[in-house]
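Structure first, commentary second.
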Amino acid sequence: MKRLATSLVLIPVIAWLVLEGPDWAFLTAIACIGLIAFHEYNQIASRRPALSAGLPGMASGLALLLAPEPWIVVVLAAIVGMSLALRTPDLANAAAGAATFTLGVVYIFGSLRCALELRMMNHHWLMFALLAAWAGDTAALYVGRACGRHPMAPRVSPAKSWEGAAGSTAGGLAACGVYAHYLLPATPLGVVLALAAVGNLAGQVGDLFESALKRGAGVKDSGSLLPGHGGWLDRIDASLFSVPVVYALLKVFPQLFSGSIA
């Protein structure tokens, strides 16, 4: 019940920010979400002998989100992480600490930068990428509970099943297909479904990756700010993979989406 109540509040707010909100409001929202999610990631990562990213990581993340040339920030963030790793008490953990720092910046703020770029391209495509993850996540929950019999990745997340994964893909395809039919009508149905399938599968991998992070650190949730969902990183883990993948495909194959990018 808490999960449903939280979703009923979050989904309309995020949908408004994506589709109708002014640029400053959208940017402020994703910056705040990014900072909270990065803090949660840092709390998970610091449970193992690695470098705590802290404020330098947050500053690097905001720079990645806002810089006109984000790839330069990625390189500089790696340099900052390696520099900070020099203070690691046990130098055997220096490389892992630097990698953890850089991964957190790129994983969270790099993905959110893709969301920003995708919205500037066409806000309906950003909503499409989010739907591939959101609808899939909801379908996986209910299908998995109803008929999940075959564990998909028991070492990473024992509750996830192949039936739930199939339900996730079906839910993502259905939601994205309906959305694109009305709001991205210039894109052929076959292209829409292929893009939705890839985005959904990426989201499922993102979900599993965050589960692996938490299991490795021995925690159940990334935080407790969202009743029924855990933390913000728990809520956006699938989107952090689905959005960059959809954005990359739109950038690499623009000819497939002519008329619906702009």
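Each reported figure results from applying straightforward, stated rules to the coordinates on display, with no laboratory input. All values reported here derive from a predicted model rather than from experimental measurement. Cβ atoms come from the backbone with ideal geometry, glycine included; neighbour counts cover every protein chain shown.
Side notes on the structure shown:
- MRE, 222 nm, helices only [DSSP H, n ≥ 4, -39500 (n - 2.57), over the chain, to nearest 500]: -24000 deg cm²/dmol
- By the Stokes-Einstein formula, at 1.002 mPa s and 20 °C, region 147-262 with its Kirkwood radius over alpha-carbon pairs has D equal to 138 µm²/s.
- Gain on full stretching of the segment that runs from LEU55 to LEU19 - 0.36 nm per residue minus C-alpha separation: 9.8 nm
- Spatially proximal aspartates and glutamates relative to LYS160 (Cα-Cα < 17 Å; intrachain offsets below 8 disregarded): ASP137, ASP207, GLU210, ASP221, ASP234, ASP237
- Contact order, relative form, for region 117-260: 27 percent (alpha carbon pairs under 8 Å, 6 or more residues apart, mean separation divided by residue count).
- Kirkwood radius and radius of gyration were both taken over the C-alpha atoms of region 52-115, and their ratio Rg/Rh is 0.99.
- Length added when fully stretched, THR28-ALA159, from 0.36 nm per residue minus Cα-Cα: 43.7 nm
- Counted charge near GLU163, where neighbours are those whose Cβ lies closer than 15 Å (Asp, Glu -1; Lys, Arg +1): +2
- For region 6-99, the dipole from Cβ point charges (+1 on Lys and Arg, -1 on Asp and Glu) about the Cα centre works out to 360 debye, to the nearest 20.
- Over all Cα atoms in region 2-257, the spread is summed up by Rg and Dmax: 18.3, 57 Å.
- The fraction of all Cα pairs in region 98-197 landing in successive 10 Å bins from 0 to the largest distance is 16, 33, 32, 19, 1, given as whole percents.
- Net +/- balance of residues flanking MET152 in space, Cβ distance below 10 Å, scoring K and R +1, D and E -1: 0
- Ignoring aspartates and glutamates fewer than eight residues from LYS251 along the same chain, the ones with Cα atoms less than 19 angstrom from its Cα are GLU69, GLU117.
- Kyte-Doolittle mean at least -1.0, axial Cα span of 24 Å or more - DSSP H helices of the chain: 2-19, 23-45, 123-147, 162-183, 189-217
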